[in-house]
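First the structure, in the form of structure tokens, and then the observations on it.
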Amino acid sequence: MKSGYEAVIGLEVHAQLKTESKAFCSCPTVYGAQPNVNVCPICLGHPGTLPVLNENLVAFAVRMGLATNCSIREHSTFSRKNYFYPDLPKGYQISQYSDPICYNGWVEIETDAGEKNIGITRIHMEEDAGKSIHDLDIDTLVDLNRSGIPLIEIVSEPDIRTAHEAYQYLLGIRQTLVFLGICDGNLEEGSLRCDANVSVRKKGDTHLNTKSEVKNLNSFRNVEKAIGYEIDRQIALMEDGNEVQHQTMMWDAGSGKTKVMRSKEEAHDYRYFAEPDLLGVTVDSVMIEKQTGLIPELGLQKKRRFMLEYGLPAYDAAILTDDVQLALYYEEACQALSERSEEACKMVSNWILTELMREMSEKKVNIRETGIGAAQLASLVDVVANGSISHKVAKEILPDMFGSDVTAQQIIKERGLEQVSDESTIKELVAQVLLVNAESVEKLKQGKTNLFGFLVGQALKASGGSANPSVVCSIMKEALEMEVGE
Amino acid sequence: MNPDELQKLAALSRLKFTDEQLESFAEQFNNVVEFVGKVSAEDLGDVEPMLSVNESVNVFREDVVGECLTTEEALRNAPKKNEAFFKVPKVL
């Protein structure tokens, strides 16, 4: 961002809720079904049908509100948002208008400049529209499977100042939704959608300039890129003495630019009014208590605990806690260590972050599906930590642990891989090697010190690779010094 | 409400009217608005708005999947279809 300017950004996030059935009818919400199979007269908008509210839409909205420090409205209602579009069969979307179920909250984000709170203006309940497919030349095709899927819209205060903060905020919202188990959080598949309101002003100004709305931010990378682009575009306009228009911009990932989608001159007039087909929603203390009890430890909180409890660096802790399953797996593995030291805990993290996550991305599976249990991983860390095998050997036996339930100890025993660290055994071995290689020993004494490595190698070879290299080294040194001394 | 405002409302509803229709509808609209306006004239400062005659709340449906229509049934009343889709004039 050009210096002397600052951006004022607010995000509107739509989250598809992971209910079994739709918001106002009992059709399933599964993603990726054949077109127009999860439909009924209610979500097709047939005349004479009546919506009935899914209790989990309310429960999930309240849970999200509580997790983001919102006030929960005791009594709220639904409204109709009227607009005409082919994928909205009723001609209106059931939403909330003046009395959203959650309001006045905040979430904490971590920025390069430290921690920062971003305000949440409101969270309201609504239903999704169907899907239009425009790929055809002449006509548009409509699939109404998505029509009526429950959504919450999370509206932030214009507290965000940079594209990166917007990214961090969205990441935090996504993580919270996923941790609460109420949304898949998949931007690419559309279970999470994000629009950004962006304006810029001279640093120090307190008034808000005209904003534009940026849509189609369908990946985390695009959120940051699109907002960054829009900020620069608006600053360039101001520098040239032009005014920013109140427009809806569409992010085009292909060209890396925002393009005008529609000017707000022709803005929608949604003519909201109270939805007469639905009764009000009252949230009492029993519901609040129940939903509060369903909130697990959340992202940043978990990350900080991991750093404190396991002594992990922020980088490790952030990755491990971004995925609930991964975090749980990590803790189980540390729990199963025979000796839980900070080093061992870091080793567990290293294995997960490298070998296991590689396996996860190659096979496109989650941590539980990699086929190695947390206790098995702990056994592997144990045997490296106690010197039974080297890290190199550990890496070699890891593939054999996938898909089995054997521990590292069992594999080592079976194949006689155990590293020999016992001093008397190694002393014997070294003596043998020095005897056989008397010539080399002689040359070494005369100054060819590089033969030391050769002798160590011979000892390791004689042990079949099982001798602990560092013990061999020190005993070899001792033995040779003794000989030199004689 | 004047014919221009009515024209805007008609556009939002994707309806087309002739000028004569707009004139006559505007008049009818004004009658309704004027009639309802009588309520606004009353001092209702302390009265909560009544959104429904039914004052019960939290009428919920359990989050359980029920039966859907078949695609064939769903598309039965569609003026145009393309295999499993509703077909509408191009919008983009």
Looking at region A:170-179, can you tell me whether even one residue there is of a type outside the set (Gly, Ala, Ser), over 18 Å from A:Glu108 (Cα atoms) and open to solvent by 50 Å² or more (accessible area, probe 1.4 Å)? no
Could you go through region A:299-306 and let me know if any residue there is away from every other protein chain (no Cβ under 14 Å) and in contact with a strand residue (DSSP E or B) (Cβ under 7 Å, 6 or more places away or on another chain). yes
Of the numbered conditions (1) more than 10 Å from chain A (Cβ to nearest Cβ); (2) basic (Lys, Arg); (3) over 30 Å from A:Ala23 (Cβ atoms), B:Lys8 satisfies every one except a single condition; which is it? (1)
So which residues in region A:87-104 are open to solvent by 10 Å² or more (accessible area, probe 1.4 Å) and away from chain B (no Cβ under 14 Å), if there are any at all? A:Gln93, A:Tyr103, A:Asn104
Applying the selection to region A:268-327, what residues are farther than 23 Å from A:Gly373 by Cα and hydroxyl-bearing (Ser, Thr, Tyr)? A:Tyr270, A:Tyr272, A:Thr282, A:Ser285, A:Thr292, A:Tyr315
Evaluation of A:Phe84 against (1) open to solvent by 20 Å² or more (accessible area, probe 1.4 Å); (2) at pLDDT 95 or above; (3) among the aromatic types (Phe, Trp, Tyr) (one fails), failing number: (2)
Considering (1) at the interface with chain A (Cβ under 7 Å from one of its Cβ atoms); (2) loosely packed, with under 10 Cβ neighbours inside 10 Å; (3) under 21 Å from the mean Cα position of the chain (by Cα), say which one B:Ser56 fails and leave the rest. (3)
Could you list all residues from region A:26-59 that are assigned to a loop (DSSP other than H, G, I, E, B), facing chain B (nearest Cβ under 8 Å) and crowded, with 20+ Cβ neighbours inside 10 Å? A:Ser26, A:Cys27, A:Pro35, A:Asn36, A:Asn38, A:Val39, A:Cys40, A:Leu44
Quick check: is even one residue across region A:262-273 away from chain B (no Cβ under 14 Å), under 29 Å from the mean Cα position of the chain (by Cα) and open to solvent by less than 50 Å² (accessible area, probe 1.4 Å)? no
Out of A:Leu237, A:Leu192, A:Leu278, which single residue is at pLDDT 90 or above and under 33 Å from the mean Cα position of the chain (by Cα)? A:Leu192
Residue hits (region A:14-25; more than 7 Å from chain B (Cβ to nearest Cβ), closer than 11 Å to A:Leu151 by Cα, assigned to a loop (DSSP other than H, G, I, E, B) and of a type outside the set (Lys, Arg)) are A:Leu17, A:Ala23
Quickly run through region B:30-88 and pick out the residues that are assigned to a loop (DSSP other than H, G, I, E, B), small (Gly, Ala, Ser) and touching a Leu at 6+ places or on another chain (Cβ under 8 Å). B:Ser52, B:Ser56, B:Ala84
Quick check: anything in region A:361-383 surrounded by fewer than 18 Cβ atoms within 10 Å (Cβ to Cβ), more than 16 Å from the chain's Cα centre (by Cα), among the hydrophobic types (A, V, I, L, M, F, W, C) and under 19 Å from A:Asp405 (Cβ atoms)? yes
Among A:Ser424, A:Ser440, A:Ser390, A:Ser466, which is the only one that is touching a helix residue (DSSP H, G or I) at 6+ places or on another chain (Cβ under 9 Å) and open to solvent by 30 Å² or more (accessible area, probe 1.4 Å)? A:Ser390
Filter region A:108-139 for residues that are within 14 Å of chain B (Cβ to nearest Cβ) and either without any contact (Cβ under 8 Å) to a residue 40 or more places away in the chain or open to solvent by 50 Å² or more (accessible area, probe 1.4 Å) (or both); the one that is farthest from the chain's Cα centre (by Cα) is A:Ile138
Of all helices (runs of 4 or more DSSP H) fully inside region A:296-366, the set with 1 or more residues that are in contact (Cβ under 8 Å) with a residue 60 or more places away in the chain is A:299-310, A:324-336
Residues that are among the basic types (Lys, Arg), out of contact with any strand residue (DSSP E or B) (no Cβ under 9 Å at 6 or more places or on another chain) and within 30 Å of A:Cys25 (Cα to Cα): does region B:36-53 have at least one? no
Report the residue count in region B:59-92 for those that are open to solvent by 60 Å² or more (accessible area, probe 1.4 Å), facing chain A (nearest Cβ under 7 Å) and of a type in the set (Lys, Arg). 1
Take the residues in region A:140-158 that are open to solvent by less than 50 Å² (accessible area, probe 1.4 Å) and of a type in the set (Asp, Glu), then tell me which one is nearest to the other protein chains (Cβ to nearest Cβ). A:Asp143
Please count how many residues of region A:427-457 are closer than 22 Å to A:Ala394 by Cα and of a type outside the set (Val, Ile, Thr). 1
When region A:219-244 is checked residue by residue, the ones that are farther than 18 Å from A:Thr162 by Cβ and open to solvent by 70 Å² or more (accessible area, probe 1.4 Å) are A:Glu239, A:Asp240, A:Asn242, A:Glu243
When you look at A:Val348, is it β-branched (Val, Ile, Thr), under 19 Å from A:Tyr315 (Cα atoms) and open to solvent by less than 20 Å² (accessible area, probe 1.4 Å), yes or no? yes
Can you confirm whether region B:16-29 contains a residue that is in a loop (DSSP other than H, G, I, E, B) and either within 30 Å of A:Pro150 (Cα to Cα) or open to solvent by less than 50 Å² (accessible area, probe 1.4 Å) (or both)? no
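Residues checked against (1) surrounded by fewer than 18 Cβ atoms within 10 Å (Cβ to Cβ); (2) among the acidic types (Asp, Glu):
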| residue | (1), (2) |
| --- | --- |
| A:Glu289 | yes, yes |
| A:Gly293 | yes, no |
| A:Lys302 | no, no |
| A:Gly311 | yes, no |
| A:Asp316 | no, yes |
Among the residues of region A:131-184, the number that are under 25 Å from A:Ala67 (Cα atoms), hydroxyl-bearing (Ser, Thr, Tyr) and not in a strand (DSSP E or B) is 4
Based on this model, can you work out whether A:Gly4 counts as farther than 24 Å from A:Asn104 by Cα, free of Cβ contacts under 8 Å to residues at least 40 places away in the same chain and open to solvent by 20 Å² or more (accessible area, probe 1.4 Å)? no
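The values are calculated or read from the model by the stated rules, or taken from the named source; none is laboratory data. Model, not experiment: these values are computed from the prediction. No Cβ is skipped: glycine too gets one built from the backbone with ideal geometry, and neighbour counts run over all protein chains shown. Note: accessible area is taken over every heavy atom of the protein model, side chains too, but ligands, DNA and RNA are not part of it. Shrake-Rupley method; radii C 1.70, N 1.55, O 1.52, S 1.80 Å.
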